[in-house]
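Just passing along the structure, written as structure tokens.
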Amino acid sequence: MPTDAPVVSLRSVGVCYRSRGRLLGGATEYWALSDVSFDVYPGETIGIVGRNGAGKTTLLKAIAGIIEPDQGSIAREEINLSMLSLQVGFLPQLSGRENAILSGMLLGLDRNAAEHRVADIEAFADLGGHFNEPLATYSSGMRARLGFSCALHSTADVLLIDEVLGVGDQNFRVKSNAAIKDLIRSNRTVLLASHNLATIRELCDRVVWIDNGRVRAAAATGEVLDEYMQ
Amino acid sequence: MKQRIRDIIQYKTYAELKAESQRYYLGFLWWLIEPVIYMLVFYFVFGILFQRGTEDFVVFLLTGLVFWHWFQSTVMQGVDTLQANRVLYNQVFVPKYLFPAVVMLKNSAKFGVVLAVLLLFLLVYGINPSAPWFTALPVLAVGGAFIAGTTALVAAITPFVPDLRVLIENGMRALLFMSGIFYDINSFQTPYRIVFELNPVALLIDNLRSVLLRNQFPDWGELAAVFLLATVLGLAGLALMRANESRYAKIAY
């Protein structure tokens, strides 16, 4: 376990979704997360496992600051933290190139940096002449390749990844899988939510198991996964 | 405002304008055609059918409609803008004022094109630009501030109170008929004048006509009052968005 101070600290975090009240029949509450506490240390890779609807995505969104916890607190170091979402802000009438720039800015880069990054994205997405065509003309596979390439070139120090391993056809799937594994293995801090336990086992130092919005277990990868699979 | 957010607003405005112009066969020509069709309808009804046509009715009507169209389309898009962008702010954190700002800039750019055509039309029509013409600039600036403030406020509130959308739609209809677009508010006597004196849209349209058509300077007191109101509305909208920054993403539409 690293000895540095944590980059993200969750303390008794709870997130509640309220359905809007109606004149007849009041609002209902649903706690997607409750009493979640753990620390994230620099450079480590944490796996997040749990059934569908257990609260994994809500947890990542709360850490990213997209939603605010209704209870508890999340302390973040002054770091660049971003959720590795695919196709952020894509507009169908813009070209691949323009979408890559807009997406880069939305993911936290200034305009210059976003424009600089485009060459790398173009090379990785490997869309040929289509890169300068409107997104509306893309097949869904091509769109996925562009979306993945944009996300992959994020420069954030802390990456929150929600089940975005391998997209597109066989070739691209292999390539994108390898690229994201490299990204995760690099010095960055990563939280990886996934149902692919083999990947979690391969990449993660620790695993947090979320069950019904609560932390069921948080410990070394092998230990938690063995319990999770029973 | 951070440089990055300013860049995003600028780029997104450009992108949406481009997107709109590429969606249709006639492209950005629609920015002109659509307001022209809109104005023709009003001209046909009020100028021809109702024979309200005084001598200068065409320019009188066009000036009012051009401003109204800018106001109405911006505010109504502001009502829906957060809901329309919910996928985006569920993926990354962005300050929510970004969305009404893009709506404002996009519609103002389109308004600029229509305004240029209107001014050209006024010149061709035989109106001589004199000193008051240039005070159209402060009138339009206050008009823009009022539209921006209103748009920010409705954008901030409607996601939480969707029923408001229905009220705003009906409020718009009321304003359309009560803002002196196809009649002169100065032809009314008290006590009815109060309807217009308390209506920023009517005051703005009347002032715009003063400077462009009547060769008069604007009523600076009225402009100052509208600007003050615009500032209050805008600041309230911004404060609301800021206070609820991380709640919009949780709303189930």
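The values are calculated or read from the model by the stated rules, or taken from the named source; none is laboratory data. Worth saying up front: this structure is predicted, and the values here are computed from it rather than measured. Every residue, glycine as well, gets a Cβ built from its backbone with ideal geometry; the counts of neighbours run over all protein chains shown. Protein only, heavy atoms only, side chains kept; ligands, DNA and RNA dropped before computing areas. Shrake-Rupley method; radii C 1.70, N 1.55, O 1.52, S 1.80 Å.
Can we say A:SER103 is closer than 24 Å to B:GLU20 by Cα, polar (S, T, N, Q) and either open to solvent by less than 40 Å² (accessible area, probe 1.4 Å) or facing another protein chain (nearest Cβ under 8 Å) (or both)? Write out each step before concluding.
Values: closer than 24 Å to B:GLU20 by Cα: yes; polar (S, T, N, Q): yes; either open to solvent by less than 40 Å² (accessible area, probe 1.4 Å) or facing another protein chain (nearest Cβ under 8 Å) (or both): yes.
Here the answer is yes, as A:SER103 does meet what is asked.
Quick one: in the stretch B:150-202, which of the residues that are under 15 Å from the mean Cα position of the chain (by Cα) and of a type in the set (Val, Ile, Thr) is surrounded by the fewest Cβ atoms within 10 Å (Cβ to Cβ)?
B:ILE168
Table: residues versus (1) outside any helix (DSSP H, G or I); (2) away from chain B (no Cβ under 14 Å); (3) over 18 Å from the mean Cα position of the chain (by Cα).
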position: A:ALA123; (1), (2), (3): no, yes, yes
position: A:ARG145; (1), (2), (3): no, yes, no
position: A:SER154; (1), (2), (3): yes, no, no
position: A:PHE172; (1), (2), (3): no, yes, yes
position: A:ALA178; (1), (2), (3): no, yes, no
position: A:THR199; (1), (2), (3): no, yes, no
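Return the only residue of A:ALA193, A:ALA119, A:ALA178 being at pLDDT below 90 and either in contact with a helix residue (DSSP H, G or I) (Cβ under 9 Å, 6 or more places away or on another chain) or open to solvent by 40 Å² or more (accessible area, probe 1.4 Å) (or both).
On the way: A:ALA193 fails: at pLDDT below 90; A:ALA119 fails: at pLDDT below 90.
Every option except A:ALA178 fails the conditions.
Continuing with this model, one more query. So, of the residues in the stretch B:49-59 that are part of a helix (DSSP H, G or I) and open to solvent by less than 80 Å² (accessible area, probe 1.4 Å), which turns out to be modelled with the highest pLDDT?
In this case the residue turns out to be B:VAL59.
Condition check: away from every other protein chain (no Cβ under 12 Å), open to solvent by 50 Å² or more (accessible area, probe 1.4 Å) and not charged (D, E, K, R). Does A:ASN112 satisfy that?
In short, no.
List the strands (runs of 3 or more DSSP E) inside the stretch A:10-97, counting only whole elements, that have at least 1 residues being open to solvent by 40 Å² or more (accessible area, probe 1.4 Å) and more than 11 Å from every other protein chain (Cβ to nearest Cβ). Full working, then the answer.
On the way: elements: A:29-40, A:45-49, A:71-76, A:81-83.
Qualifying strands (runs of 3 or more DSSP E): A:29-40, A:71-76.
Results for (1) open to solvent by less than 30 Å² (accessible area, probe 1.4 Å); (2) under 30 Å from B:ILE157 (Cβ atoms), shown as yes or no for each residue.
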residue: B:GLU20; (1), (2): no, yes
residue: B:LEU26; (1), (2): no, no
residue: B:PHE46; (1), (2): no, no
residue: B:LEU61; (1), (2): yes, no
residue: B:TRP68; (1), (2): yes, yes
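Now a separate question. Working only within the stretch A:201-227, note down all residues that are under 20 Å from the mean Cα position of the chain (by Cα), of a type outside the set (Lys, Arg) and under 15 Å from A:VAL40 (Cα atoms).
A:CYS204, A:ASP205, A:VAL207, A:VAL208, A:TRP209, A:VAL215, A:ALA218, A:THR221
Only one of these conditions is not met by B:MET241: (1) surrounded by 16 or more Cβ atoms within 10 Å (Cβ to Cβ); (2) outside any helix (DSSP H, G or I); (3) of a type outside the set (S, T, N, Q). Which number is it?
(2)
If you scan the stretch B:111-144, which residues turn out to be in a helix (DSSP H, G or I), among the small types (Gly, Ala, Ser) and open to solvent by 30 Å² or more (accessible area, probe 1.4 Å)?
Taking the stretch B:111-144 as the starting set, the residues that turn out to be in a helix (DSSP H, G or I) are B:111-125, B:131-134, B:136-144.
Retained after the next criterion (residues that are among the small types (Gly, Ala, Ser)): B:112, B:116, B:131, B:136, B:141, B:143-144.
Passing the criteria: B:GLY112, B:ALA116, B:ALA131, B:ALA141.
Check off (1) among the β-branched types (Val, Ile, Thr); (2) within 14 Å of another protein chain (Cβ to nearest Cβ); (3) open to solvent by less than 10 Å² (accessible area, probe 1.4 Å) for B:ILE251 and give me the number that stays unchecked.
(3)
Now a separate question. Could you tell me which numbered condition B:LEU213 fails, if it satisfies all but one of (1) touching a Phe, Trp or Tyr at 6+ places or on another chain (Cβ under 8 Å); (2) over 20 Å from B:HIS69 (Cα atoms); (3) open to solvent by 40 Å² or more (accessible area, probe 1.4 Å)?
The number of the failed condition is (2).
Test A:PHE131 against the criterion of being in contact with a helix residue (DSSP H, G or I) (Cβ under 6 Å, 6 or more places away or on another chain) and in contact (Cβ under 8 Å) with a residue 60 or more places away in the chain, and give yes or no.
Working: in contact with a helix residue (DSSP H, G or I) (Cβ under 6 Å, 6 or more places away or on another chain): yes; in contact (Cβ under 8 Å) with a residue 60 or more places away in the chain: no.
Here the answer is no, as A:PHE131 does not meet what is asked.
Does A:PHE172 satisfy the criteria of being at pLDDT below 90 and surrounded by 19 or more Cβ atoms within 10 Å (Cβ to Cβ)?
When the stated conditions are applied, A:PHE172 passes them.
Can you name the residue in the stretch B:84-125 that is within 14 Å of another protein chain (Cβ to nearest Cβ) and among the aliphatic types (A, V, I, L, M) and, of all such residues, is nearest to the chain's Cα centre (by Cα)?
Filtering the stretch B:84-125 down to residues within 14 Å of another protein chain (Cβ to nearest Cβ) leaves B:84-96, B:98-99, B:102, B:106.
So of that shortlist, the ones also among the aliphatic types (A, V, I, L, M) come out as B:84, B:87-88, B:92, B:94, B:98, B:102.
Values: B:ALA84: 20, B:VAL87: 26, B:LEU88: 26, B:VAL92: 30, B:VAL94: 25, B:LEU98: 18, B:VAL102: 14 Å.
Going through the qualifying residues, I end up with B:VAL102.
Under 9 Å by Cβ, and 6 or more places apart or on different chains, what pairs join a residue from the stretch B:36-47 that is without any contact (Cβ under 8 Å) to a residue 40 or more places away in the chain with one that is of a type in the set (Val, Ile, Thr) and open to solvent by less than 40 Å² (accessible area, probe 1.4 Å)?
B:VAL36/B:VAL114; B:MET39/B:VAL66
Assess whether B:LEU203 counts as being closer than 18 Å to B:VAL75 by Cβ and either part of a loop (DSSP other than H, G, I, E, B) or not hydroxyl-bearing (Ser, Thr, Tyr) (or both). Let's see the steps before the verdict.
Details: closer than 18 Å to B:VAL75 by Cβ: yes; either part of a loop (DSSP other than H, G, I, E, B) or not hydroxyl-bearing (Ser, Thr, Tyr) (or both): yes.
The answer is yes for B:LEU203.
Look through the stretch B:78-88, keep the residues that are in contact (Cβ under 8 Å) with a residue 60 or more places away in the chain and open to solvent by 60 Å² or more (accessible area, probe 1.4 Å), and return whichever of them is nearest to A:GLN87 (Cα to Cα).
Top of the filtered list is B:ARG86.
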